[in-house]
Each structure stands twice: as structure tokens, then as C-alpha cells.
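Asks: Mind looking over this structure? Questions follow.
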């Protein structure tokens, strides 16, 4: 008799109503309370969320830089359209993507995969071959491809923060090249793509209580 | 005495441990149980999640197509590297992004914004001016910009599905041009970017119980 793989218990942790409430209350925070810091256990859960984000073929073509140093945050400020949230939010994460994608990225992942899943070496060679086709395509813009994955992680982070009762702001208004210089990314093989602030909103953040603006559901979601 | 805006109650709905467990159990499902359909209330919560996803400047440059028709799913199959999940998963969502971004996209959003937030017409004109600068930039690739936002919604959807105890798979392996043809997107101003299957995994989905493969935290997250 075969030994069937058991169906995992994947009980829901939220009701649909709770999920909708979380989605409705997430908003782009414009003012943070600089005195409130995210507790270490909550921040750790957000780092795990980033780490376990989905990526195409599992390649994880990213780095997440958490800028703790206030002096570096100050330097980033003028390269961020002077948005004060860059210095006032409890945490600031810079999402960086691989500048190029090649066989070495696939090899790094498959090495890891083979070790964790304990697969035989022939199978590993096959996987390496198959996955190489994903990045070894004519016309593939590796940085763009990697950047798309980074935005999956951003989407995950924003939702994850809201689940923990934290506020967040995705930041697209910044100078990537200046960020790369300040953060020492030049020559690292990674370039900054997008930024997120996470923390607790200030009492006078008007966005916190403003009604949300969304196109009607029927304009955005179409059933076919 | 001024009337301060009250600090919103934003109690966490999950503990950090619960959030980590949700992140760990989300995985790219390879086999779905075709007999299990997502109940309507859960699916509705996922549509709300898509609708309320974050996007740059709030522009929501996307459409989400839910493919209910089995005959259309069959047509998509051969344009999806023959991945059976396209037909076996309870739900299939095609994420489409605006082909170009221009002043009409800004106007559509600001019209909506002005109505919901009840702002005076001078302020509306200023907003229109300011936001137009976001899309009216030399060298901006509107479709790429819109596609990035779409991936935020994808990241949100994957996490949201896991919260409800559902399985999901992001699908990059498909032919966007053929999808656009089949789904009637040609000439609509939107193009398909990425796809997600959502449902319940089959008992024989080996990925469900395989250990997850991730680079070590210290290689992925760097504190500065």
C-alpha cells in the first residue's frame, strides 16, 4: 500500500469580513509618529514576510535593505522628493533587484533547492537545464523581470504590515541612482527599485481617516 | 480649541507568529483539486483585496479578468505552456495593465477623488496639474509602470488567499499576446501581464508538503 502524502491542514486565519476590513484600512500614510518604533517581534515577522514572498521560478532576484542609520536616512531625504516619511517612519526598506539575470542566478537557487529537497544529482542537472531556459531567453530584460518580482514582495509587505496593525507607504518618488550610491549598491549587482516606509501614523495624518478612493468594482474586475 | 483628527484604531488582526505561519504555508501550488470551488463569500473578499491594492499615485492602472468560462480556460491552456492548473484551479485571474499612461488616466482618478473627498474645484485643478507630472515624464514607459503596480496587486492576492486558507499559483509562463486575443483585450487599452490560479490543492500535490527553499535571511535582508 502506498503512503499518500497527507493533505495539509491549511485552516483560514481570517474570515472574509476580517480580510476586507484589513484591505480597507491599509492606506498610504503621509505622516508618521517619529516617537513610535515597531517592536522587534513584529519587525521580524515582516522580514520573514519579505523572505517568503513569491518570485518567478523561486529565484528571489532581490535584496531588501533596512535603513536603520538616521544619518543615512537624512541623506536619502533630499533624494526622495523631500518626503519627510523617509526619516520619520519607524522603518524604511529599500527594495533592490538584480541588475541582470543569468545562469549564476539559476545555479545559486538550484544549489539551495537540491540541498533542501535532497534531490539526486541527475535530477539537479535536469532542473538546472530547465530553469536556465527561464533566464536565458532572447530579449529578456533581466532587471525588469527582477523588478516585477520585487513588486510582489512590496505587495506582500504592505498587506502584512496592515495585518499587524502597522501603517505603511510605498514610495516611488525617489532617485534610484542616488540611492544606489548612498546605500553602497553600486557594483553589488543590485539596483534599488522601490521603497517602503513602515511605522505608526501621526495623529494629524489626515489620510488615516479620509474615505478611500477606488474605481467601482465592476469597472476593475471583469468576469469572462 | 481645535478638533483633532482622532487616531484610528488599527488593532492587529494577527500575531507575528500567525503571520509567519501564513507566509510559510503559502506556496506555488502545482496541482489543484478540480472538484473544490472557492465559496462565493471568500472569492468576494479576494476581489475586494484586488480592488483595494496599492498603486502608484492611486491611479489603479489595471483590470483583473476572472475567467469563469471553462471553454475559454481550455483555449488558454495551450497558450500557458499546457500547465493544467489553468483549467483545474477553482479560479483564474488574468492581471492586465494599461498599455499607456496619460492625462486621461490622471483625470479619471482625480474626478473620482474629487467626488469621494468632496474637494473644491480649485484644489481639484491643482491636483490634476500635480498628478499629471507623474505620468507626463520624458522616457516614461507607461505599460511598464502600470505593470509594476499590477505586481503589487498580485503580491496582495497571494497573501490574501493564504489568509483565507486558499492555495494559489502565480503564472508567468503564458503567451500574453494570445491571451489578449482570446480574452478580447485587443484594442481595450489593457494588456495581460501575469496570471494567478486560486483554489484548493490536490491531495497529490507534492509541493504542498515539500520544505520551502529560501536563501538565508542574512543574504537577503541587509541592515544599514
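Asks: Go through the range B:67-108 and give me each residue that's more than 25 Å from residue B:35 (Cβ to Cβ) and buried (at least 22 other Cβ atoms within 10 Å of the Cβ).
Replies: B:95, B:96, B:97, B:98, B:101, B:105, B:106 - these are the residues of the range B:67-108 that are more than 25 Å from residue B:35 (Cβ to Cβ) and buried (at least 22 other Cβ atoms within 10 Å of the Cβ).
Asks: Does residue A:45 count as part of a helix (DSSP H, G or I), farther than 22 Å from residue A:185 by Cα and in contact with a helix residue (DSSP H, G or I) (Cβ under 6 Å, 6 or more places away or on another chain)?
Replies: Here the answer is yes, as residue A:45 does meet what is asked.
Asks: Filter the range B:56-66 down to the residues that are buried (at least 19 other Cβ atoms within 10 Å of the Cβ) and in contact with a strand residue (DSSP E or B) (Cβ under 7 Å, 6 or more places away or on another chain), then identify the one that is farthest from the other protein chains (Cβ to nearest Cβ).
Replies: B:61
Asks: Name the residue, out of A:132, A:192, A:188, that is more than 7 Å from every other protein chain (Cβ to nearest Cβ), modelled with pLDDT under 95 and in contact with a helix residue (DSSP H, G or I) (Cβ under 9 Å, 6 or more places away or on another chain).
Replies: Only one candidate passes the filter, namely A:132.
Asks: Still on this structure, please answer the following. Identify, by number, the condition in (1) facing chain B (nearest Cβ under 9 Å); (2) modelled with pLDDT of 95 or more that residue A:76 doesn't meet.
Replies: In the conditions (1) facing chain B (nearest Cβ under 9 Å); (2) modelled with pLDDT of 95 or more, residue A:76 misses (1) alone.
Asks: Going residue by residue through the range B:54-65, is there one that turns out to be without any contact (Cβ under 8 Å) to a residue 60 or more places away in the chain and assigned to a loop (DSSP other than H, G, I, E, B)?
Replies: The answer is no; no qualifying residue exists.
Asks: Between a first residue in the range A:16-35 that is touching a residue at least 24 places away in the same chain (Cβ under 8 Å) and a second residue that is surrounded by fewer than 19 Cβ atoms within 10 Å (Cβ to Cβ) and assigned to a loop (DSSP other than H, G, I, E, B), which pairs have beta carbons less than 8 Å apart while being 6 or more apart in sequence or on different chains?
Replies: Qualifying pairs under 8 Å: A:24/A:212; A:25/B:8; A:25/B:10; A:27/A:210; A:27/A:212; A:31/A:84; A:31/A:204; A:33/A:203.
Asks: Give the residue that is farthest from the other protein chains (Cβ to nearest Cβ), with candidates limited to residues of the range A:11-29 that are part of a loop (DSSP other than H, G, I, E, B) and surrounded by fewer than 18 Cβ atoms within 10 Å (Cβ to Cβ).
Replies: Filtering the range A:11-29 for residues that are part of a loop (DSSP other than H, G, I, E, B) and surrounded by fewer than 18 Cβ atoms within 10 Å (Cβ to Cβ), the one farthest from the other protein chains (Cβ to nearest Cβ) comes out as A:15.
The values are calculated or read from the model by the stated rules, or taken from the named source; none is laboratory data. Just so we're clear, the structure is a prediction, and the values are computed from it rather than from any experiment. Here Cβ is always computed from backbone atoms with ideal geometry, including for glycine, and neighbour counts include all displayed protein chains.
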